[in-house]
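Just below is one structure, and these are the notes that go with it.
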Amino acid sequence: MATGAEGMKHDIMCQHCGRPILSRQTLAVVGRGLHSIHRGCYAAYAARQPWYRKPGWPVNRWRSLLAFNALLLAGVLLLHLLVRPMAGAEWLGLWPLLLAINGWLLVARLVSYWSLERHLPRQAPAAARGTQRR
């Protein structure tokens, strides 16, 4: 167990396995409560949650935001093509919806960074890389 300033770096614990998370690279922040878990523990953590509390995509990955927006726009496009075509002016009415949804996701991303990620190095120290996830 590390002590002093070295020990302060490793105070973010995985809420699935209970071991410390050593870097941003291995951190996944999931769920409405922004739970910190190892990326490797994500599948097991999600499997243990009931259907109404599934964590979804990790908030601390920009790919999650891009994938969410792609699915949202694909859904809107399907509604446009299959249910009711929208006029050009109606497409501009979607901006408030997109801004509201993305605003919530960006706030979650900011809280994730401020409360968890900024306290971790980008990559695990070389000595700890082999022992972080077994």
Counting only protein heavy atoms and using a 1.4 Å probe, what share of the accessible area of the chain belongs to carbon plus sulfur, as a whole percent?
66
Given points 7 Å out from each Cα along the Cα-Cβ axis, report the residue 91 to residue 73 separation in nanometres with one decimal.
1.1
Just to confirm my numbers, what's the Cα centroid distance between region 94-119 and region 43-86 in Å?
15
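When the helix-only estimate is applied to the chain (DSSP H runs of n ≥ 4, each -39,500 (n - 2.57), divided by the residue count), what is the mean residue ellipticity at 222 nm, nearest 500 deg cm²/dmol? Walk me through the numbers before you get to the answer.
Numbers: 5 runs with 55 residues, N = 134.
Roughly -12500 deg cm²/dmol at 222 nm, from the helical runs in the chain.
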Could you work out how far apart the two model spin labels at residue 114 and residue 44 are, taking each label as a point 7 Å from the Cα in the direction of the beta carbon, and quote it in nm?
3.3
Measure nothing but the geometry: give the 0 to 90° angle between the long axis through the Cα atoms of 62-78 and the longest principal axis through the Cα atoms of the chain, rounded to 10°.
20
Pop the C-beta distance of residue 15 and residue 80 into the FRET formula with R0 = 41 Å and round what comes out to the nearest 0.05.
0.50
Treating each Cα of the chain as an identical point scatterer and ignoring solvent, apply the Debye formula and state log10 I(q)/I(0) at q = 0.09, 0.15 Å⁻¹.
-0.37, -0.80
Given H placed 1.01 Å from N in the peptide plane, which residues other than close sequence neighbours of residue 35 have an amide H under 5 Å from its amide H?
30
Write down the accessible area per residue of the chain in Å², having rolled a 1.4 Å probe over the full set of protein chains.
68
Rounded to 10°, Cα long-axis angle of helix 95-115 versus longest principal axis of the chain
0
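The values are calculated or read from the model by the stated rules, or taken from the named source; none is laboratory data. None of these values were measured; they are calculated from a predicted model. A quick note on method: Cβ atoms are made from the backbone with ideal geometry, for glycine too, and the neighbour counts reach across all protein chains shown. The accessibility values were calculated without ligands, DNA or RNA, using every heavy atom of the protein model including side chains. Shrake-Rupley method; radii C 1.70, N 1.55, O 1.52, S 1.80 Å.
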